[in-house]
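For reference, the structure discussed in these notes is given below.
The values are calculated or read from the model by the stated rules, or taken from the named source; none is laboratory data. No experiment lies behind these values; they were computed from the predicted model shown. Positions of Cβ are generated from backbone atoms using ideal geometry, with glycine treated the same way; all protein chains shown enter the neighbour counts.
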Amino acid sequence: MASYSDLKRHSASPNDTKMAGPRYEKWNRDDLYHLAKVRGIEERARMSNEELIQALRRQS
């Protein structure tokens, strides 16, 4: 399973036009929350996994 510590290993390949960035869908909530905290995303505690993913992608 992907995690915050595996960020570089699970990023999208240059040929992947469908997705630009890490594949957060495979991350667990704790890892998504931690990265959101590091990036200073507000209201992260109230967000679902999908909302955390969207917020993280907006900040990329």
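Structural remarks
- Residues that are out of contact with any helix residue (DSSP H, G or I) (no Cβ under 7 Å at 6 or more places or on another chain) and at pLDDT below 60 do not occur anywhere in region 39-52.
- Filter result (surrounded by 11 or more Cβ atoms within 10 Å (Cβ to Cβ) and within 11 Å of LEU52 (Cα to Cα)) within region 29-42: ARG29, ASP31, LEU32, TYR33, HIS34, LEU35, ALA36, LYS37, ILE41
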